[in-house]
1. With the requirement that a residue be among the small types (Gly, Ala, Ser) and either at pLDDT below 95 or in a helix (DSSP H, G or I) (or both), what does region 1-50 give you?
2. Return the pair list, or none, for Cβ contacts closer than 6 Å from residues in region 8-26 that are more than 14 Å from residue 47 (Cβ to Cβ) to residues that are surrounded by 20 or more Cβ atoms within 10 Å (Cβ to Cβ) and among the aliphatic types (A, V, I, L, M), at least 6 apart or on different chains.
Amino acid sequence: MFTPKQIGFIVTAYTKMCCCNFVEFQLFAEKLLGRSIFTHEFAEFELWAELKEKIKPDFIKLAEWCSNCEENSTIDLLTQRDK
C-alpha cells in the first residue's frame with residue numbers, strides 16, 4: 001500500500017523527524033500544501049503544524065496499515081534492529 005519513500009514523507013511531515021531525503025521532502029511538502037516553501041520556513045512551528053494537519057489522514061492510514069501487518073513482521077523488524 002505504501003512505498004518506503006511515501007512512508008518517509010508521511011512520517012517526516014507528521015513528526016518533524018526527517019526520515020527521507022530532505023530535497024525530495026521539500027518538493028513533497030510544497031505539493032501537499034500547494035505552494036512554494038523556502039528552506040528557512042522549515043524552522044517555523046507554523047509550517048510544521050500545517051504539514052501535520054494536512055498529512056494526518058495519511059498518517060492514520062499508515063498506522064492502520066501497520067497494525068494489520070502480521071505479528072511476525074514486527075518480531076523480524078526488532079530482530080533486524082538488534083543486528
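1. Hits for region 1-50 are 8, 13, 29, 43, 49.
2. Between residues of region 8-26 that are more than 14 Å from residue 47 (Cβ to Cβ) and residues that are surrounded by 20 or more Cβ atoms within 10 Å (Cβ to Cβ) and among the aliphatic types (A, V, I, L, M), the close pairs are 10/55.
The values are calculated or read from the model by the stated rules, or taken from the named source; none is laboratory data. Everything numeric in this text was worked out from a predicted model, so none of it was measured. Quick reminder, even Gly has a Cβ in these numbers, built from the backbone with ideal geometry, and neighbours come from all protein chains shown.
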